[in-house]
Amino acid sequence: MDKVCIQGEKQLNGTVHISGAKNACMAMLAASLLTEDVCILRNVPDLRDVRFFIQLLETLGVKVEKLSPGEWKLQAANITHEASYDLVRQMRASVCIMGPLVGRLHKVSLPLPGGCVIGNRPIDLHLYGLQKLGCKISMNSGIIHVTADQLRGNSIFLGGRFGSTVTGTANLVMAATLTPGTTIIESAACEPEIVDLCKLLQQMGASIEGIGSPRITIVGQKQLRGFDYTVIGDIIEAGTFLIAGLITNGHLKIDQFCPEHLGALLHILEEIGGKFTIDTHHNSVEIFPCLDQLKPFHTTTLPYPGFPTDLQAQMCVLGLCIPGLSLITERIYPQRFMHVAELQRLGGNIILENSTAILQGPSRFSGADVMASDLRASAALYLAGLVSKGETFVHRVYHLDRGYENFDQKLNQLGASIKRIPDNS
Ligand code: EPU
């Protein structure tokens, strides 16, 4: 397993281009299952999760061709409904094939995706929604079998204990596009990735109203056509670079993403004294050196448009760099704090009380060996490494490769010093 060595205390300066949004991309690749026609997806990031997902589609019978870097052609003319355990267990986003396969074939067999280090991640809401559309669900030998003699539109309330579900909304919208009648999803996820998916589905001929609101109405069609669509920029990657700029007291321009999608983070940065400008015309944010002016903050992760859970770990590092007491409460995944112990190893003055991280800054970070546990925790360890004295070794860096395209290269181009050390050296 590769590790990286980060030589800390370098200021970051320059421009960074944001890649396509991983979480939009997964559902969009799955949408190709809804039609026999050719589909083309552009601005697809080169990530471990995306490569796995494409492999999964191939095992279902989808013909896949890489047209050029970031551009893929997919055609699901002859497909099967059975997914392989080996791929599904490696990636929870595999659940996104359920909705389209139910819509197209009226059946799917999916191995239960299994546990996850960021906490319990059930799919009860996905299954409840499919039942409302007329599906029967059974489970045997660890495999969920979903079948429907006849699908019919219905009203589905998708709110759970922790709010709505992002991939659950994606699944049900996709299934409903080919379900006869009208489906109304109440308490739907409003995330930009869902909005982008709905726009792609509209291009396929789907009838969808209320996009971006918690009430989405879908009128099922007999069939859908192919698409040629460009994925939006990844707001979590953009947010991670914004935080990297702030903590290194750098001057960064971050472009190719929609700043409006990152409103919750930008609002906090404005409140705490961050110096930045937003250019909605050119889809960029420019951040200026201002670390010594930043004040501590309190925030809580919430479904969109609230503060994203996928930036909670990175935000912990920002809190640790600002003098005073900052608090971050996690409301989506109450156990998503695997990074806390590793940040402590680097000298971070952070404690956990229930689902709240209490951060006392400024911490004096000094390089150490730390272990990445999941995607966003890895990003937080990179950020802490950037501001640590000496060398930080981040082990199990493959977690980071699941969701950040060319992260080492992008950071090095901005002035960081990051070296990847292959397992065999
Ligand atoms: N939940 C249920 N029942 C369900 C589904 C979800 O109780 O059937 C709960 C979850 O346990 C969680 C909350 O609802 O507490 C929200 O989960 P959600 O279903 O929205 O998460 P997801 O769709 O599995 C996506 C992203 C995650 C991101 C979350 C929240 C993809 C592929 N993944 O997951 O991304 O954290 O939404 O925004 O879209 C990441 O990129 O690092 C990542 C984990």
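The values are calculated or read from the model by the stated rules, or taken from the named source; none is laboratory data. Keep in mind it's a predicted model, so treat the numbers as computed, not measured. For neighbour counting, all protein chains shown are included, and Cβ atoms are generated from backbone atoms with ideal geometry for every residue, glycine included.
What to note about this one:
- Selection count where residues are over 16 Å from residue 10 (Cβ atoms) and charged (D, E, K, R), scope the range 366-425: 9
- For the range 208-221, a tally of residues being in contact (Cβ under 8 Å) with a residue 24 or more places away in the chain and surrounded by fewer than 24 Cβ atoms within 10 Å (Cβ to Cβ) returns 8.
- Any hit, the range 65-73, residues being on the phi > 0 side of the Ramachandran plot, surrounded by fewer than 20 Cβ atoms within 10 Å (Cβ to Cβ), under 19 Å from the mean Cα position of the chain (by Cα) and at pLDDT below 95: no
- Restricted to the range 369-398, and to residues there that are assigned to a loop (DSSP other than H, G, I, E, B) and surrounded by fewer than 19 Cβ atoms within 10 Å (Cβ to Cβ), the residue that is nearest to the ligand (Cβ to nearest atom) is 396.
- Out of 176, 189, 170, sole residue that is modelled with pLDDT of 95 or more, part of a loop (DSSP other than H, G, I, E, B) and under 19 Å from residue 24 (Cβ atoms): 189
- Residue match in the range 405-413 (condition: outside any strand (DSSP E or B), within 16 Å of the ligand (Cβ to nearest atom) and modelled with pLDDT of 95 or more): yes
- Pairs where the first residue, in the range 191-204, is at negative phi and in contact (Cβ under 8 Å) with a residue 60 or more places away in the chain and the second is part of a helix (DSSP H, G or I) and more than 14 Å from the ligand (Cβ to nearest atom), C-beta under 7 Å, 6+ apart: 201/177; 204/34
- Restricting attention to the range 262-285, the residues being part of a strand (DSSP E or B) and free of Cβ contacts under 8 Å to residues at least 40 places away in the same chain number 5.
- All conditions but one from (1) surrounded by 15 or more Cβ atoms within 10 Å (Cβ to Cβ); (2) among the β-branched types (Val, Ile, Thr); (3) more than 16 Å from the ligand (Cβ to nearest atom) apply to residue 44; the one that does not is (3).
To keep it simple, each residue is scored yes or no on (1) within 15 Å of the ligand (Cβ to nearest atom); (2) at pLDDT 95 or above.
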site	(1), (2)
78	no, yes
81	no, yes
92	yes, no
116	yes, no
135	yes, yes
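- Out of 10, 107, 3, 66, one residue alone is touching a strand residue (DSSP E or B) at 6+ places or on another chain (Cβ under 9 Å) and free of Cβ contacts under 8 Å to residues at least 40 places away in the same chain. It is 66.
- Residue tally, condition assigned to a strand (DSSP E or B) and either under 29 Å from residue 393 (Cβ atoms) or modelled with pLDDT under 95 (or both), over the range 292-350: 4
- In the condition set (1) surrounded by 17 or more Cβ atoms within 10 Å (Cβ to Cβ); (2) at pLDDT below 95; (3) hydroxyl-bearing (Ser, Thr, Tyr), residue 141 is compliant with all but (1).
- Pairs where the first residue, in the range 47-58, is under 11 Å from residue 83 (Cα atoms) and the second is not in a helix (DSSP H, G or I), C-beta under 6 Å, 6+ apart: 58/64
- Subset tally (residues that are modelled with pLDDT under 95 and either crowded, with 20+ Cβ neighbours inside 10 Å or under 30 Å from residue 191 (Cα atoms) (or both)) for the range 1-22: 0
- The range 296-350: number of residues that are within 14 Å of the ligand (Cβ to nearest atom), farther than 30 Å from residue 212 by Cα and not aliphatic (A, V, I, L, M): 1
- Residue check, residue 353 charged (D, E, K, R) and buried (at least 16 other Cβ atoms within 10 Å of the Cβ): no
- Extreme residue, farthest from the ligand (Cβ to nearest atom), among residues of the range 152-167 that are among the hydroxyl-bearing types (Ser, Thr, Tyr) and not in a loop (DSSP other than H, G, I, E, B): 155
- Just one residue in the set 194, 185 is more than 20 Å from residue 229 (Cα to Cα), out of contact with any Gly (no Cβ under 7 Å at 6 or more places or on another chain) and buried (at least 17 other Cβ atoms within 10 Å of the Cβ); that residue is 185.
- Criterion: over 24 Å from the mean Cα position of the chain (by Cα) and either assigned to a loop (DSSP other than H, G, I, E, B) or more than 16 Å from the ligand (Cβ to nearest atom) (or both) - qualifying residue of 224, 246, 242: 224
- Number of positions in the range 169-190 that are within 16 Å of the ligand (Cβ to nearest atom) and either polar (S, T, N, Q) or in contact (Cβ under 8 Å) with a residue 60 or more places away in the chain (or both): 10
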